[in-house]
Structures are given as structure tokens and as C-alpha cells.
1. Return the distance in nm (one decimal) between the two label points of a simple spin-label model at Glu214 and Glu179, each offset 7 Å from Cα along Cα→Cβ.
2. Along the charge dipole of the chain, which of Ser199, Thr244, Val11 sits closest to the positive end, that is, farthest toward it, with unit charges on the beta carbon of Lys, Arg, Asp and Glu (+1, +1, -1, -1)?
3. Defining a contact as two alpha carbons under 8 Å apart and six or more residues distant in sequence, what relative contact order in percent does region 66-168 show?
4. How tilted is helix 206-216 with respect to the longest principal axis of the chain? Cα atoms for both, answer in degrees (0 to 90, nearest 10).
5. Modelling each spin label as a point 7 Å along the Cα-to-Cβ direction, I'd like the Lys230/Met201 distance in nm, to one decimal.
6. If the only charges are +1 at each Lys and Arg Cβ and -1 at each Asp and Glu Cβ, what is the size of the charge dipole of the chain around the Cα centre, to the nearest 20 debye?
7. For region 37-104 and region 107-153, what is the separation of their C-alpha centers, rounded to whole Å?
8. In terms of the ratio Rg/(2.2 N^0.38 Å) built on C-alpha atoms, what value belongs to region 52-95?
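Values in this text are rule-based calculations from the coordinates and carry no lab data. Computed from a predicted model, the values in this text were never measured in an experiment. Note: ideal-geometry Cβ built from the backbone for every residue, glycine included; neighbour counts use all protein chains shown.
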Amino acid sequence: MGLLDGKKGLVFGVANDRSIAWHIARNLIAHGATCGFAHLPGEKMERRARKAIEGGGVVDPFLVPCDASNDEDLDRTFAAVKERFDAIDFLVHSIAFADRTYLKHGNFHETPREVFGQALDISAYTLVAMANRAAACMPNGGSIIGMTYYGSEKAIPGYNVMGVAKAALEACTRYLALELGEKGIRVNTISAGPIKTLSSMAVDGLDQIFEWVEKKAPLRRNVEADEVGKSGVYLVSDLSSGVTGENIYVDCGYNVVGL
Ligand SMILES: NC(=O)c1ccc[n+]([C@@H]2O[C@H](COP(=O)([O-])OP(=O)(O)OC[C@H]3O[C@@H](n4cnc5c(N)ncnc54)[C@H](O)[C@@H]3O)[C@@H](O)[C@H]2O)c1
């Protein structure tokens with residue numbers, strides 16, 4: 001018997017088999033859950049997501065194209081989810097975007113208004129937009145997970161506007177937890193240590209961050225995406241039934257170190 005037998009949900013953010021979303025989904029499925037997937041529209045996006053998901057052994061996956069910055073796309077996606085699954089038990093929000101031109105050491109102060117707005121919209125507001133629609137599909141309560149990074153709390157060179165967006169995402173998590181708690185819906189974030197993915201490679205100086213974490217983190221290594229996936233299982237399962245509005249660090253302990 002799996003921890004998540006009978007649980008169904010939607011996962012946003014599988015771009016390829018390195019995506020954190022895929023590692024979360026893979027672990028949820030291994031514990032008995034059924035996942036549907038939403039990917040950015042486009043033939044190439046669908047092909048890459050499908051390759052990861054089918055390559056991971058999921059037969060005939062439920063895949064929906066969705067640009068989360070578009071309300072009609074979100075409405076269509078959640079309508080399709082309702083039709084396919086009727087009710088869902090979890091939502092994984094593992095998406096973010098910022099123009100990489102402004103993810104360079106020393107250029108945060110030059111961030112244009114449109115770049116700032118887009119980063120905040122796609123990386124933070126979409127959690128609110130999805131949670132609102134997901135809540136309507138969660139009559140039995142549920143668990144919503146967002147992905148964040150320590151650059152929300154401390155200024156990390158190159159993380160720039162994405163750090164501001166992650167701070168907003170974490171605040172959104174707390175407000176969503178407060179309002180959706182009475183429906184039995186829990187909302188939490190996982191703060192993952194750095195992991196090599198398509199998105200993280202846009203951050204200037206990523207290799208230096210890896211080296212630094214390996215030297216300074218209590219576990220003296222970088223985190224594996226699989227370890228983030230396992231914490232996803234905890235947050236979706238009843239093992240975390242009393243946990244909401246929280247940020248769970250899965251970073252080999254890096255965030256507790258002062259120097
Ligand atoms: N990789 C890391 O080091 C790290 C660390 C902490 C947190 N995170 C967070 O984890 C999450 C997943 O990132 P990842 O590292 O797996 O990279 P990734 O590139 O594999 O995933 C990012 C996903 O966001 C999706 N996306 C971007 N704009 C979108 C939009 N408008 N609509 C729908 N989807 C959109 C992309 O298609 C992609 O699937 C992000 O929130 C990221 O900030 C990553």
C-alpha cells in the first residue's frame with residue numbers, strides 16, 4: 001500500500017527530466033498518486049515534457065498546454081482537470097520565469113518595470129491564480145506546493161529580481177494558507193538548494209554557488225532533486241496534515257549557516 005494511494009493532482013513545471021517538477025511527480029507516483037501535467041504551449045515543449053514523463057514510465061499521461069500568465073489558459077486547464085479527475089487532492093506549482101538579461105551580477109538595480117512585472121506575475125501571482133482554481137476542485141481538502149529558494153531572504157548575486165519574486169511567492173503561500181485552511185487545503189513551499197536545471201542555468205555564477213554550498217552546508221554537499229521530490233511526498237501525504245503556510249528547507253542545511 002502506498003502513502004498516496006488514490007490521491008490525484010496536477011503538476012506544473014515539467015520541462016524535461018531534470019525539472020524539479022518531474023522529480024516531485026516521480027516520487028508522488030512511486031507512492032501511489034496519479035499526476036496530470038501542465039506544460040508551456042508549443043510542440044517542442046510538449047515533446048520534451050512527454051519524453052520525460054513517458055520515459056519515466058507513465059503510460060498515456062494527461063498533458064495540458066498552459067501558459068500560466070494567461071487567465072483563459074488557466075481556466076481551460078482546470079476545466080480539463082475537472083473533467084478528467086473530477087476532484088483533485090494536490091497541486092504542484094514548480095514554475096518561474098525572469099528575463100535572464102537581468103540575472104547577472106550587479107544589474108538588479110537596472111531591472112526594467114516590464115521585466116520586474118513579468119517575473120512577479122509568472123513566478124508568484126500564478127500561485128494565487130492556480131490555488132483559486134484548484135480549490136474549486138478540492139472538495140475533500142488538499143495540498144498545494146510551491147518551489148522557492150533562499151535568494152528570497154538574502155541577497156544572492158545574480159538571483160536578483162527572482163529573489164524578489166520568491167519573497168512574494170512565500171508571502172502568497174502564507175496568505176493562501178490562511179484563507180484556504182478552512183477548506184482543509186494546506187499551502188506550503190519547499191526551499192530547495194541549487195540544482196542544475198534549464199531555469200537555474202540562467203542565473204549568473206551558478207557554478208560558484210554549487211562550490212560554496214558544498215564547502216559550507218552542514219551536509220557538505222549539494223542537494224539532489226530526488227530529495228526535493230521526497231519532501232513533496234511528505235507535503236502531499238497525511239504525514240504533514242498539521243503543516244501549512246510553511247517553508248520547508250531541502251538544502252543540505254545551508255540556510256542555517258552564518259559564515
Ligand atoms: N533549480 C534550482 O536550483 C531551484 C532551486 C530552488 C527553487 N527552484 C524553483 O523550482 C521551480 C522549478 O524550476 P526548475 O529548476 O525545475 O527549472 P525548469 O526550467 O525545469 O522548470 C521551470 C518550469 O517553469 C515553466 N514555466 C515558465 N514560465 C511558464 C509559464 N508562463 N506558464 C507555465 N509554465 C511556465 C517552464 O516551462 C518549466 O517547466 C521554479 O519555481 C524554480 O524557481 C529551483
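1. That separation, rounded to one decimal, is 4.4 nm.
2. Ser199
3. 37
4. Helix 206-216 and the main axis of the chain meet at about 80 degrees.
5. Using points 7 Å along Cα→Cβ, the separation is 2.7 nm.
6. 460
7. Cα centroid to Cα centroid, the span is 15 Å.
8. That works out to 1.27 for region 52-95.
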